[in-house]
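Take a look at the structure below.
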Protein chains: 2
Amino acid sequence: MGTVCESDKYLLNRHTENHFTAGEIVRDVIIGVSDGLTVPFALAAGLSGANASSSIILTAGIAEVAAGAISMGLGGYLAAKSEADHYARELRREQEEIDTIPDSEAAEVAEILAEYGVEPHEYGPVVNALRKNPQAWLDFMMKFELRLEKPDPKRALQSAFTIAIAYVVGGSVPLLPYVFIRVAQKALVASVIVTILALLIFGFAKGYFTGNKPVWSALQTALIGVVASAAAFGMAKAVQS
Amino acid sequence: MGTVCESDKYLLNRHTENHFTAGEIVRDVIIGVSDGLTVPFALAAGLSGANASSSIILTAGIAEVAAGAISMGLGGYLAAKSEADHYARELRREQEEIDTIPDSEAAEVAEILAEYGVEPHEYGPVVNALRKNPQAWLDFMMKFELRLEKPDPKRALQSAFTIAIAYVVGGSVPLLPYVFIRVAQKALVASVIVTILALLIFGFAKGYFTGNKPVWSALQTALIGVVASAAAFGMAKAVQS
């Protein structure tokens, strides 16, 4: 392996960069809770506006949460699996190209570096170094030509469960009032209050974890909920008339 | 700018690589139609199982499609906007680091190349070439250290509308039978037939466009719809009892 020389190492240790990364699990929770808090809430609000009973609203809401959790969870799992298959296919193809047409692959490395104003006499040694190290060369092509990251096989399943559970948890918030309050109109009031509160709190946390202004994120998240339920309410009234 | 020398150019022209890219619009259509075909279908099936009338089913279905389209569309738009803000912040920070602590940044370039088995005497000229070209250096850090792509400002809005419209189109398929068929049980049969058909066709097309086996993709897509509606049906029966 190449060595980073002493003075470089010293500079790297002195200066640690603090680039923000949300984390894949946080991202999946955000995806699940965002939709979970919004769509079941809007559906329940819309049906309340159409004068449906608490019983129907709960039936529709819970059916929607079950369907949504499966669609997002199972759909996300299959999508992650197909990305893993795609990576494996591209890896095999690059390996084959390195084995059968190394000069063309070397030309691609040259082209990548040339884009950054590096002259042939400057990038030449780097290209040669890669040619002598086929494993490193393959990694380089996957990352810098194809821009693909090696997927973690556990992630597909983890991601599916995280999103599905987050959706169920999110969806429970607007629906719980309808479990306890018989009169749909009163349950609606309670649902609006707890859900808008939850949207604000969740939006704030989301902003905090993703490095965006938390207050602004809280307001945006609550706004989506309000717009979605207004649309659902309006459509439900329109269908009923 | 650096020049790719003549023999390299010749090799690049001779050998064109056909790496598959699904396209961002295709990806958004897939996202929208996948959920749109699945969740409204499952909701309608679930409510039919709970013996709701065609009128209630249509009300719930259309309200859910409106809410879902807004949640996905508006949510996707705000997510894309915050990614653009994140990119702008990281760009400013890298630029500042290049201006104020160039030696540390140069050490990072060295570290990136050293990972691929490139020795200091081999990557040295590349590092120096970048130091002489601050704009190229900044691009290099954004792409190879932070792995961030410059987002297209039009994409956020495009993406939002594409997903939202795709969701509405997808959701219309399982709901249309309930518009024309008064008796919910009969509408359910028609809805199941057209939706499973649509899921198979859409799944096939999705597989074709994403480079995955189309028949397998068709079956997986239909399976998600079946599992989601079975879950919705089961939950709806459970709530009604």
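Each reported figure results from applying straightforward, stated rules to the coordinates on display, with no laboratory input. Quick caveat: nothing in here was measured; it's all calculated off a predicted structure. We place every Cβ from the backbone using ideal geometry, glycine too, and count neighbours over all the protein chains shown.
Of B:95, B:77, B:190, which is farthest on the positive side of the dipole of chain B, counting Cα position, with +1 on Lys and Arg Cβ, -1 on Asp and Glu Cβ, and the Cα centre as origin?
After comparing all options, I get B:190.
Within a 10 angstrom radius of each residue's Cβ in A:38-49, how many Cβ atoms of other chains show up on average? Whole number is fine. Mind dumping the intermediate values first?
Numbers: counts 7, 12, 2, 2, 7, 10, 3, 2, 7, 5, 0, 2.
That average works out to 5.
What is the mean number of Cβ atoms from other protein chains located within 10 Å of the Cβ atom of each residue in peptide B:203-210, rounded to a whole number?
Working: counts 1, 0, 0, 2, 1, 0, 0, 5.
Taking the mean over all residues of the peptide, I get 1.
Using a 10 Å cut-off around each Cβ of peptide B:225-236, what is the average number of partner chain Cβ atoms that fall inside? Walk me through the numbers before you get to the answer.
Working: counts 4, 0, 6, 11, 4, 3, 9, 10, 3, 2, 9, 9.
That average works out to 6.
Starting at the first residue of the stretch A:233-238, write each ³J(HN,Hα) from the Karplus equation 6.51 cos²θ - 1.76 cosθ + 1.60 with θ = phi - 60°, in whole Hz, x for Gly and Pro.
Each residue's phi maps through the Karplus curve to give 4, x, 5, 5, 4, 5 Hz.
What lysines could a cross-link reach from residue A:237, if we take a straight Cα to Cα line under 29 Å and drop same-chain neighbours fewer than 8 places away?
Correct list for residue A:237: A:186, B:186, B:237.
Under a point-charge model restricted to the Cβ atoms of Lys and Arg (+1) and Asp and Glu (-1), what is the dipole moment magnitude of the protein assembly as shown relative to its Cα centre, in debye to the nearest 20? Write down the numbers at each step before the final one.
Values: 38 positive and 50 negative charges, 654 e Å.
Computed charge dipole of the protein assembly as shown: roughly 3140 debye.
Along each of the three principal axes of the Cα atoms of chain A, give the extent in whole Å, ordering the values from largest to smallest.
78, 42, 30
Could you tally the net charge around residue B:171, taking each other residue with its Cβ under 15 Å from the Cβ of residue B:171, Lys/Arg +1 and Asp/Glu -1?
Values: positive: none; negative: A:35, A:64, B:35, B:64.
Every neighbour counted, the sum reads -4.
Using alpha carbons only, what's the Rg to Rh ratio of the stretch A:86-188 with Rh from Kirkwood?
Values: Rg = 25.6 Å, Rh = 17.8 Å.
So for the stretch A:86-188, dividing Rg by the Kirkwood Rh gives 1.44.
If one takes the longest principal axis of the Cα atoms in chain A, at what angle in degrees, from 0 to 90 and to the nearest 10, does the Cα axis of helix A:54-100 lie?
Relative to chain A, helix A:54-100 is tipped by roughly 10 degrees.
Given the rule -39500 (n - 2.57) for each run of at least 4 DSSP H residues, summed and divided by the residues of the protein assembly as shown, what is its mean residue ellipticity at 222 nm, to the nearest 500 deg cm²/dmol?
On the way: 18 runs with 390 residues, N = 482.
Helices in the protein assembly as shown give a 222 nm mean residue ellipticity of -28000 deg cm²/dmol.
Mind checking the angle between helix B:102-114 and chain B's longest principal axis? C-alpha axes, 0 to 90 degrees, to the nearest 10.
Compared with the principal axis, the helix lies near 70 degrees.
Over the alpha-carbon set of the stretch B:37-132, divide Rg by the Kirkwood Rh and report the Rg/Rh ratio to two decimals.
On the way: Rg = 27.1 Å, Rh = 18.4 Å.
Computed over Cα atoms, the ratio is 1.47.
Calculate, axis by axis, the spread of Cα positions in the protein assembly as shown along the three principal axes, and write the results as whole Å, longest axis first.
The Cα atoms of the protein assembly as shown stretch 77, 46, 34 Å along the principal axes, largest first.
Where does helix A:184-210 land angle-wise versus the long Cα axis of chain A, in degrees 0 to 90, nearest 10?
For A:184-210 against chain A, the angle is about 20 degrees.
For labels at residue B:85 and residue B:169 in the simple 7 Å Cα→Cβ model, what's the distance in nm?
3.1
Which residues make up the longest stretch of chain B clear of GluC sites (Glu not before Pro) that lie in a DSSP loop with no more than 16 other Cβ atoms within 10 Å, not counting the sites? Walk me through the numbers on the way to the answer.
Details: sites that count: B:17, B:115, B:149.
Here the longest run is B:18-114.
P(r) of the stretch B:61-114 in 5 Å steps, Cα pairs, percent per bin?
4, 17, 12, 13, 11, 9, 8, 7, 7, 5, 5, 2, 0
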